[in-house]
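**Student:** The structure follows.
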Ligand code: ATP
Ligand code: MG
Ligand code: MG
Ligand code: MG
């Protein structure tokens with residue numbers, strides 16, 4: 001017997017089919033039972049009519065408990081009242097796996113309880129909607145970069161040298177050597193861009209962040225494009241085009257999931273309009289100071305209230321350009337006229353969602369890069385392969401990193417980043 005899922009419902013209207021599903025809820029009266037079912041693809045209703053199916057099957061339907069798995073047979077019917085547009089008139093039920101005392105009930109549960117049961121919490125329609133949006137963003141990423149002539153390159157996850165020399169690294173052993181889990185594949189992507197021109201990566205990154213915010217995960221996934229023969233201003237155009245493409249793809253393909261999350265689609269539509277505003281770091285500091293933020297002086301990095309204030313000046317994401325050199329990593333290119341700032345930008349999402357992209361033009365001069373490596377107290381030996389990129393046909397190039405879960409959190413309008421990844425790794429949590 002071939003099982004279908006409800007995303008094929010349209011092709012089977014009026015036909016009797018079988019679906020593998022779980023019971024999410026149930027309601028019954030004397031002659032009719034409504035089963036709320038989940039088949040992985042959708043949440044839908046099954047109707048059991050006592051007069052049609054007979055007493056025995058009706059009793060089975062009435063006794064079903066939450067999360068019992070079934071093979072349910074029935075006729076697909078159109079149902080204009082439901083979001084999906086289809087329901088199932090049940091003609092047969094075969095219980096596959098029983099379920100008793102399922103811990104997540106329709107009542108409200110606290111966050112800790114839900115996080116302890118993340119393996120089951122994933123079954124909710126809300127988590128399903130978020131994962132569908134996550135999936136769409138991944139799919140559209142591959143589509144966008146392939147259309148734009150990029151190739152996907154996978155940088156290593158185990159590395160021998162520390163990319164930015166920070167304290168946020170996870171140490172591990174590589175046989176007898178010291179090794180680290182990747183914080184960013186960027187330096188490797190620069191090598192790939194020198195080989196293949198336009199490249200992008202998509203993979204996990206690890207940061208031992210001691211901060212407990214609603215935007216930081218310990219393990220998160222990042223898209224990192226790198227483009228040879230490209231200056232920072234052109235890179236900004238790629239970034240905004242990419243983000244607008246992701247938003248449009250979600251609008252086009254995730255309509256019912258946005259509805260499940262009660263996301264304001266009119267707001268999202270604004271985010272597809274280009275260009276996004278650009279503001280310099282200098283002007284951002286001045287604007288903050290003029291608006292009562294006394295806690296920030298030129299040279300400081302922005303915190304989330306500052307980013308939110310700047311983002312609120314626009315109805316779309318905003319780029320903040322050219323941060324002070326002292327607060328940015330060694331590989332960013334100095335501004336040609338202003339040695340105190342670098343050619344970089346952060347893209348800040350609206351609605352208080354904070355930084356979603358960090359990017360820059362790279363320092364590609366051998367001499368200056370060597371000096372930077374020394375200044376940052378990094379080992380020249382570790383970076384000798386990286387310096388080679390500037391020895392043999394160095395070209396101007398730029399790149400950026402977009403945090404997948406930041407993007408998912410913003411687009412789905414969820415409050416905390418922990419819901420944007422199936423099994424979040426947080427400061428105090430590595431279970432389940
Ligand atoms: P933040 O200032 O928010 O800590 P960052 O400047 O340290 O971010 P980058 O090193 O620029 O981050 O990384 C590129 C992108 O990766 C960020 O713009 C963000 O979207 C995402 N990102 C960074 N750190 C995290 C994290 N801990 N959890 C989830 N996403 C992250
Ligand atoms: Mg950070
Ligand atoms: Mg930052
Ligand atoms: Mg950044």
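**Student:** For residue 304, are the conditions met, namely being within 16 Å of ligand 2 (Cβ to nearest atom), in contact (Cβ under 8 Å) with a residue 24 or more places away in the chain and either outside the structural domain of residue 188 (by TED's automatic domain parsing) or surrounded by fewer than 20 Cβ atoms within 10 Å (Cβ to Cβ) (or both)?
**Tutor:** For residue 304, the condition - within 16 Å of ligand 2 (Cβ to nearest atom), in contact (Cβ under 8 Å) with a residue 24 or more places away in the chain and either outside the structural domain of residue 188 (by TED's automatic domain parsing) or surrounded by fewer than 20 Cβ atoms within 10 Å (Cβ to Cβ) (or both) - is met.
**Student:** Could you pull out every one of the helices (runs of 4 or more DSSP H) wholly within the stretch 304-402 that has 1 or more residues that are at pLDDT 95 or above, closer than 25 Å to residue 223 by Cα and within 13 Å of ligand 1 (Cβ to nearest atom)?
**Tutor:** 304-311
**Student:** Go over the candidates 209, 219, 226 one by one and state the one that is away from ligand 2 (no atom under 16 Å from the Cβ) and over 30 Å from residue 269 (Cβ atoms).
**Tutor:** Only one candidate passes the filter, namely 226.
**Student:** Something else: Could you grab me the full set of residues in the stretch 352-372 that are in contact with a helix residue (DSSP H, G or I) (Cβ under 7 Å, 6 or more places away or on another chain) and more than 13 Å from ligand 4 (Cβ to nearest atom)?
**Tutor:** 352, 353, 361, 362, 363, 364, 365, 366, 369, 370 - these are the residues of the stretch 352-372 that are in contact with a helix residue (DSSP H, G or I) (Cβ under 7 Å, 6 or more places away or on another chain) and more than 13 Å from ligand 4 (Cβ to nearest atom).
**Student:** Every residue in the stretch 179-205 that is more than 16 Å from ligand 4 (Cβ to nearest atom), in contact with a strand residue (DSSP E or B) (Cβ under 6 Å, 6 or more places away or on another chain) and either under 20 Å from residue 409 (Cβ atoms) or in a strand (DSSP E or B) (or both), please.
**Tutor:** 179, 180, 181, 198, 199, 200, 201, 202, 204
**Student:** Of all the residues that make up the stretch 229-259, how many are in contact with a helix residue (DSSP H, G or I) (Cβ under 7 Å, 6 or more places away or on another chain) and crowded, with 20+ Cβ neighbours inside 10 Å?
**Tutor:** Looking only at that region, the number is 8.
**Student:** Another question, then. Quick check on the stretch 212-223. Is at least one of its residues within 16 Å of ligand 4 (Cβ to nearest atom), part of a strand (DSSP E or B), closer than 12 Å to residue 154 by Cα and in contact (Cβ under 8 Å) with a residue 40 or more places away in the chain?
**Tutor:** yes
**Student:** Another question, then. Mind listing just one residue for me: the one in the stretch 19-46 that is farther than 27 Å from residue 130 by Cα and modelled with pLDDT of 95 or more and, of those, surrounded by the most Cβ atoms within 10 Å (Cβ to Cβ)?
**Tutor:** Per the stated criteria, the residue is 33.
**Student:** How do the helices (runs of 4 or more DSSP H) wholly within the stretch 47-165 filter down when requiring 2 or more residues that are under 31 Å from the mean Cα position of the chain (by Cα) and at pLDDT 95 or above: which remain?
**Tutor:** Because the criterion is at least 2 residues that are under 31 Å from the mean Cα position of the chain (by Cα) and at pLDDT 95 or above, the helices (runs of 4 or more DSSP H) in the stretch 47-165 that meet it are 111-116, 118-121, 125-147.
**Student:** Output the number of residues of the stretch 327-361 satisfying the condition of being at positive phi and either in contact (Cβ under 8 Å) with a residue 60 or more places away in the chain or buried (at least 18 other Cβ atoms within 10 Å of the Cβ) (or both).
**Tutor:** Within the stretch 327-361, residues that are at positive phi and either in contact (Cβ under 8 Å) with a residue 60 or more places away in the chain or buried (at least 18 other Cβ atoms within 10 Å of the Cβ) (or both) number 2.
The values are calculated or read from the model by the stated rules, or taken from the named source; none is laboratory data. Values in this document were obtained by computation on a predicted structure and should not be read as measured data. So basically every Cβ, Gly included, is an ideal-geometry build from the backbone, and we count neighbours across all protein chains shown.
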